[in-house]
Amino acid sequence: MARAVIFAGGGDYTDPWHPFGETAERLRTALELEGLSVAIVDTVEVLGTEVRDAELLVLNAGSGDEVNALDAELLALVEAHLASGRPLLAVHAAASLFPELAAWEQLLGGRWVRGVSWHPPLGEAHLELAPHPITAGLEGVTVVDERYTELRLAPTVTVLAWHEEGGARHPLAWVHEAHRVRVVYDALGHDPRSYDSPTRRALLAREVRWLLGR
C-alpha cells in the first residue's frame with residue numbers, strides 16, 4: 001500500500017490560530033479514502049525517519065509570525081523528498097513556512113508574504129476553477145474557510161482555483177514543478193469546517209490523484 005506522511009503543526013511548529021491536529025486528522029481520512037496508508041508526525045526528527053519511504057509528503061503547518069530554528073532542517077527534508085522524485089502537497093498555512101528561506105518559494109511556486117498577504121474574515125467562500133485535469137468536471141468549490149489574498153506567485157505556476165476580492169482574482173490553489181516533480185499548493189484548510197464541504201473534499205481528492213499520477 002502506498003504511504004503518505006502528513007507533517008502537522010502543533011509540535012515543532014505551532015501558532016495560536018490553527019487547530020493543526022484536527023485538520024491533520026481530516027487530511028488523514030481524505031488520504032485513506034484514496035487508498036493510502038497515512039502517518040501523522042509533528043516533529044522534524046520523526047519526519048526525517050517517516051518520510052524516507054513515503055510516496056507523498058503533505059505539509060499542514062505554518063510559521064506564524066516567527067522564524068523557526070528548525071526551518072533549514074525541515075526544508076532540507078522537503079527538498080530531498082522532491083529531489084528523489086516524490087510529490088508534495090502543501091495546504092493552507094504552509095504558504096507561510098520558512099519566511100527567510102527563498103528556496104521554499106521556489107519549490108512551492110509562491111508564498112504568503114508577511115505585511116502584504118492577508119485574508120478577509122473566515123466565512124463562506126466560493127472558489128472559481130480554472131481548466132485543468134484536476135478540476136475537470138467540477139463546477140466550483142463552496143466552503144467555510146479563510147480566503148488568502150495577495151499571495152505571491154511565480155509566473156510558472158498553473159492556477160487551479162481563485163476567489164475574488166477587491167475586484168481582482170486571488171489564486172487559492174495551484175500546481176507547480178520542483179526538481180521535475182509535481183507540487184500542489186491548496187490554501188484551504190483553516191479548520192475542520194473546510195473539510196465538511198463536499199466540493200472541497202472533491203478538489204482535494206483530485207489533487208492527490210494527480211500528484212500520484214493516477
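The values are calculated or read from the model by the stated rules, or taken from the named source; none is laboratory data. Bear in mind that the values here come from a model prediction, so they are computed numbers and not experimental data. Note that we place each Cβ from the backbone using ideal geometry, even for glycine, and neighbour counts take in every protein chain shown. Surface areas here come from the heavy atoms of the whole protein model, side chains and all, with no ligands, DNA or RNA. Shrake-Rupley method; radii C 1.70, N 1.55, O 1.52, S 1.80 Å.
Can you name the residue in segment 6-38 that is modelled with pLDDT of 95 or more and among the β-branched types (V, I, T) and is also nearest to V51 (Cα to Cα) among such residues?
I6
Select from segment 192-209 the residues that are in contact (Cβ under 8 Å) with a residue 60 or more places away in the chain, of a type in the set (D, E, K, R) and open to solvent by 20 Å² or more (accessible area, probe 1.4 Å) and list them in ascending order.
Here is the first cut: in segment 192-209, the ones in contact (Cβ under 8 Å) with a residue 60 or more places away in the chain are 192, 194-195, 199, 201-209.
After this cut, where a residue has to be of a type in the set (D, E, K, R) as well, the list is 201, 206-207, 209.
Correct list: R201, R206, R209.
Residue under question is P133, and the condition is that it be at pLDDT 95 or above, touching a helix residue (DSSP H, G or I) at 6+ places or on another chain (Cβ under 7 Å) and exposed (fewer than 13 other Cβ atoms within 10 Å of the Cβ); does it hold? Break it down stepwise before answering.
Details: at pLDDT 95 or above: yes; touching a helix residue (DSSP H, G or I) at 6+ places or on another chain (Cβ under 7 Å): yes; exposed (fewer than 13 other Cβ atoms within 10 Å of the Cβ): yes.
Criteria met by P133.
Checking the structure you have, find out if any residue of segment 6-18 is aliphatic (A, V, I, L, M), part of a helix (DSSP H, G or I), within 24 Å of A205 (Cβ to Cβ) and open to solvent by less than 10 Å² (accessible area, probe 1.4 Å). Reasoning before the result, please.
Keep residues of segment 6-18 that are aliphatic (A, V, I, L, M), which gives 6, 8.
Now narrow it down to the ones that are part of a helix (DSSP H, G or I): none.
Within segment 6-18, not a single residue is aliphatic (A, V, I, L, M), part of a helix (DSSP H, G or I), within 24 Å of A205 (Cβ to Cβ) and open to solvent by less than 10 Å² (accessible area, probe 1.4 Å).
Tally the residues that are outside any strand (DSSP E or B), open to solvent by 20 Å² or more (accessible area, probe 1.4 Å) and farther than 19 Å from A202 by Cβ, restricting the search to segment 136-156. Walk me through it before giving the result.
Of all residues in segment 136-156, those outside any strand (DSSP E or B) come to 136-140, 146-148, 150-151, 154-156.
With the extra rule that they be open to solvent by 20 Å² or more (accessible area, probe 1.4 Å), the set shrinks to 136-139, 147, 150-151, 154-156.
Keeping just the survivors that are farther than 19 Å from A202 by Cβ gives 150-151, 154-156.
Of the residues in that region, 5 qualify.
Anything in segment 116-130 that is open to solvent by 20 Å² or more (accessible area, probe 1.4 Å), of a type outside the set (A, V, I, L, M, F, W, C) and assigned to a loop (DSSP other than H, G, I, E, B)? List them, or say none.
Passing the criteria: H119, P121.
Among the numbered criteria (1) assigned to a helix (DSSP H, G or I); (2) touching a His at 6+ places or on another chain (Cβ under 6 Å); (3) among the hydrophobic types (A, V, I, L, M, F, W, C), which one does L160 miss?
Result: L160 fails condition (1) only.
In segment 155-168, how many are in contact (Cβ under 8 Å) with a residue 24 or more places away in the chain and over 18 Å from the mean Cα position of the chain (by Cα)? If you could, list the steps in order and put the result at the bottom.
Of segment 155-168, the ones in contact (Cβ under 8 Å) with a residue 24 or more places away in the chain are 156-165.
The next check asks that each one be over 18 Å from the mean Cα position of the chain (by Cα); those that pass are 164-165.
Qualifying residue count, segment 155-168: 2.
Which residues, taken from segment 104-115, are open to solvent by less than 10 Å² (accessible area, probe 1.4 Å) and in contact with a Ser or Thr (Cβ under 8 Å, 6 or more places away or on another chain)?
Answer for segment 104-115, where residues must be open to solvent by less than 10 Å² (accessible area, probe 1.4 Å) and in contact with a Ser or Thr (Cβ under 8 Å, 6 or more places away or on another chain): just G109.
Just checking, does segment 173-184 include any residue being closer than 22 Å to A61 by Cβ, crowded, with 16+ Cβ neighbours inside 10 Å and of a type outside the set (A, V, I, L, M, F, W, C)? Full working, then the answer.
First, the residues of segment 173-184 that are closer than 22 Å to A61 by Cβ: 173-176, 178-179, 181-184.
When the remaining residues are screened for being crowded, with 16+ Cβ neighbours inside 10 Å, the result is 173-176, 178, 181-184.
Narrowing further to those that are of a type outside the set (A, V, I, L, M, F, W, C): 176, 182.
For segment 173-184, residues closer than 22 Å to A61 by Cβ, crowded, with 16+ Cβ neighbours inside 10 Å and of a type outside the set (A, V, I, L, M, F, W, C): present.
Only one of (1) modelled with pLDDT of 95 or more; (2) farther than 22 Å from G85 by Cβ; (3) within 15 Å of the chain's Cα centre (by Cα) is not met by L57, so which one is it?
(2)
May I ask you to say which residue of V78, V91, V46 is under 16 Å from F7 (Cα atoms), touching a residue at least 40 places away in the same chain (Cβ under 8 Å) and of a type in the set (V, I, T)?
Values: V78 fails: touching a residue at least 40 places away in the same chain (Cβ under 8 Å); V46 fails: touching a residue at least 40 places away in the same chain (Cβ under 8 Å).
Unique residue meeting the criteria: V91.
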